[in-house]
Amino acid sequence: MSKPEQEARHQAIVLIDEAEPLRRLLEKRLKSARASVHCADDPQGAIDLIKKYAPDVVVLGLDRMDDSGYEMLRQIKETPETKDVHVMVISGMSNPQDKVAAFDLGAADYITKPFDMLELRVRVRVALQSRELVRMLGEQAQIDGLSGAYNRAHFDARLGELISGAERNRHVFSLAIFDLDKFKSINDTYGHPAGDAVIKGMAKLIRAECRTCDVPCRYGGEEFALLMPDTTPAQAVVVCERVRVKLSEMRWPHHPERQVTVSIGISGLTAGESVPDAATMIAAADKCLYQSKEGGRDQVTASLVDGTPVSAGEAAAAA
Ligand code: GH3
Ligand code: MG
Ligand code: MG
């Protein structure tokens, strides 16, 4: 299962100061192969840059107590898209009250002028490293340890986003739920390591058969869910049929004689349908999954969100 990008990514710094010479100097000294620097000299330009580049660190020059810099700091920390950024203040004001005021407004660090360039660079480097670590931990927290697929928390968040996107932009999307057939008997017959190997293999197979924008998740136990943006239920059937057939053809090192199959239920939102809530979307997919089990397992059943079945003919036309 390919996991989200774990290598250090390119980072961004936004530099805000009214004084051009200082901006130029800092831009030159803070730029590196791993981080780009973007400069602004006014509050609106700064907020626009922060929204555009989602920087890891903002270096904010702030020189008088009534400076618009304080207002900018407040604005950065009150704007939902920018509030989590690490703000490092550089200031000529060195008394404790000024520092406390900046920290109270949400600054993460404060350097007084005249400052030592080496110290500033080291502080920025440490801030970039800790931001990267937090980002990687945040990603890790969305991954299921055994399968490498996204976990249930990520599934819930992404389903919510797709529903909001459908409400705003009338985007279509589909949800598939996969439940491995008679999986308990694999554990009972060949042991739990054999069962675990099937869970890992299933996650890898789903990832291999879907697009990079699709979201494969471990829904729980031996169940997986696949969120497919911009995909009608008929198109989702095509993807899931591919997974179903390939799984049934796989040979497993722990039990080459024992085929593994999966039953799948799909609910999909088509253009013009009213947008459901998450529970309705999941219930519709679950109902189809139940029909696949009842129909003899190793099969795909799909419907619209309101339960209208998607026929084999519609799925064939989408292939
Ligand atoms: P059905 O075809 O009706 O879905 O039958 P089933 O045996 O797959 O369903 P059941 O719900 O009875 O069993 C699911 C099993 O999945 C039971 C549980 O022990 C096993 N399981 C859940 N999580 C894991 C896991 O992480 N590793 C292993 N090896 N087994 C797991
Ligand atoms: Mg199950
Ligand atoms: Mg099962």
Residues of segment 237-251 being touching a residue at least 24 places away in the same chain (Cβ under 8 Å) and under 16 Å from D179 (Cα atoms), in sequence order, are V237, V239, C240, E241, R242, V243, R244, K246, L247, S248
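Take S36 and tell me if it is part of a loop (DSSP other than H, G, I, E, B), under 32 Å from the mean Cα position of the chain (by Cα) and modelled with pLDDT of 85 or more.
Details: part of a loop (DSSP other than H, G, I, E, B): no; under 32 Å from the mean Cα position of the chain (by Cα): yes; modelled with pLDDT of 85 or more: yes.
For S36, the condition - part of a loop (DSSP other than H, G, I, E, B), under 32 Å from the mean Cα position of the chain (by Cα) and modelled with pLDDT of 85 or more - is not met.
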Taking the criterion of being in contact with a Cys (Cβ under 6 Å, 6 or more places away or on another chain) and within 15 Å of ligand 3 (Cβ to nearest atom), would at least one residue in segment 207-219 satisfy it? no
For L73, all conditions in the list (1) outside any helix (DSSP H, G or I); (2) surrounded by 14 or more Cβ atoms within 10 Å (Cβ to Cβ) hold save one; what is the number of the exception? (1)
Starting from segment 89-110, take each residue that is in a strand (DSSP E or B) and list its partners that are among the polar types (S, T, N, Q), counting only C-beta distances under 7 angstrom and pairs at least six apart or across chains. S91/T112; Y110/S91
Where the second residue is assigned to a helix (DSSP H, G or I) and open to solvent by less than 10 Å² (accessible area, probe 1.4 Å) and the first is free of Cβ contacts under 8 Å to residues at least 24 places away in the same chain and within 15 Å of ligand 2 (Cβ to nearest atom) and lies in segment 176-202, which pairs have Cβ atoms under 8 Å and are six or more apart or on separate chains? N187/A194; N187/G195
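The rows are residues; the columns are (1) open to solvent by 30 Å² or more (accessible area, probe 1.4 Å); (2) polar (S, T, N, Q).
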{"position": "D104", "(1), (2)": "yes, no"}
{"position": "T112", "(1), (2)": "yes, yes"}
{"position": "R135", "(1), (2)": "yes, no"}
{"position": "H154", "(1), (2)": "no, no"}
{"position": "K182", "(1), (2)": "yes, no"}
{"position": "D196", "(1), (2)": "yes, no"}
{"position": "L205", "(1), (2)": "no, no"}
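Would you confirm, using the coordinates I've provided, whether V275 is among the hydrophobic types (A, V, I, L, M, F, W, C) and modelled with pLDDT of 95 or more? Give the derivation first.
Details: among the hydrophobic types (A, V, I, L, M, F, W, C): yes; modelled with pLDDT of 95 or more: no.
No.
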Segments classed as helices (runs of 4 or more DSSP H), wholly inside segment 209-319, with at least 1 members that are open to solvent by 50 Å² or more (accessible area, probe 1.4 Å) and within 16 Å of ligand 2 (Cβ to nearest atom): 278-294
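The values are calculated or read from the model by the stated rules, or taken from the named source; none is laboratory data. Quick caveat, the model's predicted, so the values are computed rather than measured. Glycine gets a Cβ as well: all are built from the backbone with ideal geometry, and neighbour counts include every protein chain shown. Just so you know, the surface numbers come from the protein's heavy atoms only, side chains and all, with ligands and any DNA or RNA stripped out. Shrake-Rupley method; radii C 1.70, N 1.55, O 1.52, S 1.80 Å.
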